[in-house]
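Only one structure is covered here, and it is reproduced in the block below.
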Amino acid sequence: MSGPHHETALSMQVSEITRKIAAINRTLLPPERISWSRVLILESGVEIPYTKKGMVFRKKLEGLFGDALASLINKDAGKGKVGGSLGSVTGTLLDCNAEVPRETEVPKATSEKWSKEKVDRLVVEALASGLDIDLEVLRANSDSSFAELGMNSDMAVRIVNKLNEIFSLKLPLNTCHTYIDLKALLNAIMVVLGIKEDRPLLIPPTKKRPSLELEEVVIVGQAVRLPGDINTPDAFWDALIYKRDDLMTKAPPDRWDADSFYRSPNSTAPPRNGDIIFQKSGFVDVAHFDNGFFGISKPEALYVSPATRLTLETAFEALENAGIPMSKVKGTNMGVFVATGMDPGYNQL
């Protein structure tokens, strides 16, 4: 089937699929995000085979779609892509890697004035190529974050390098993490090229003199890590109300061998380096750190100091407690200020 109605229906299907992928990608770590180049779109009426128990029938699935999936993966490995226009879907795959005509030579920023239309086109093409996504899909989802569209760290670096090559710029490699969607990135590049007058965040802002007037501070979210397994504001409040006296405990075995270092205040033995003359302290849990949640591998997590672990956990929980989703924070000019020690010597232990 072809014609305007078919194209409209296809466009609506792709938009819905993109929203579904974006929702899934929000919950995934960068290496696990779904790239559009690995998405197989089926013709209307084609169904996934299931067993009588309601499980996916893997053997039949491979028989029906194995060749299409292999072709999809081979195209992704070839990387000869700049997302093309929406083509017809024939029950196999949507070609997100079709070539788009481009100028053979891209003028440099130093040798000509860039137009908004040209910058828009080149930025969208670079992003579509790097994200393995169709141009029209990218434009239709310009408000979706790059993470929702499947961007991982490798893609982000390749895209920034491509943009620097096209426009003769020196954008930092974390540009796609600072400007997290098409509109933000496009605006920033236009500012740098002098097409727009807004000051870009790529250039550090001048320091403002602190105001002498007092400003109100509003607490909208809370998170705590305190001794006695007090890990929520409610638990902290209960500890105050009920005057808990069990917060100070002996050192847990995973910290140190307390008995080996303890020296009684009444001891007549000569003091030694490392003597501990108290038996109870306040301890917070730093061992059960969910490194995978923060995108940190197990080998890297061993070198993440306890203070850093607690900072990551409490900062996230404070935002969660305030009802502020991470997607609204990424790319914004928000700071996290922590009053804590730096765990000197932790990496040497």
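Throughout, read-outs are computed from the coordinates displayed, never taken from laboratory work. What you see is a predicted model; the values in this text were computed from it and never measured. Neighbour counts are summed over all protein chains in view; Cβ atoms, including those assigned to glycine, are modelled from backbone coordinates with ideal geometry.
Annotations
- V137, V191, V284 arranged by Cβ crowding within 10 Å, fewest neighbours leading: V284, V191, V137
- 3J(HN,Hα) from dihedral phi, region 139-146, Karplus parametrisation 6.51/-1.76/1.60, rounded to Hz, x for glycine, proline: 5, 5, 10, 5, 8, 6, 6, 4
- Counting every other Cβ atom within 10 Å of each residue's Cβ, I17, I48 order from fewest to most as I48, I17.
- Among 323-336, 262-275, 165-178, the order from most to least packed when residues are scored by Cβ within 10 Å on average: 165-178, 323-336, 262-275
- Cα→Cβ-extended label distance, 7 Å offset, between N187 and E117, nm: 2.4
- Built amide H within the under 5 Å cut-off of I276, gap 5+: Y262, R263
- FRET efficiency for K20 and N266, using Cβ-Cβ distance with R0 set to 56 Å, rounded to 0.05: 0.20
- Over 24 Å (Cα to Cα) - which of K118/K183; K118/K170; K116/K170; K162/K298; K118/K196; K162/K196 fall in this group: K162/K298
- Residues with amide H under 5 Å from that of S305, placed H, sequence gap 5 or more: none
- For the peptides 307-320, 121-134, 241-254, the ranking by mean Cβ contacts within 10 Å, running from highest to lowest, is 121-134, 307-320, 241-254.
- FRET efficiency, Y242 to V284 (Cβ-Cβ, R0 22 Å, nearest 0.05): 0.70
- Size of electric dipole in region 233-348: Cβ of Lys, Arg +1 and of Asp, Glu -1, about Cα centre, debye, nearest 20: 240
- A straight line joining the Cα centroids of region 148-165 and region 252-299 runs 44 Å.
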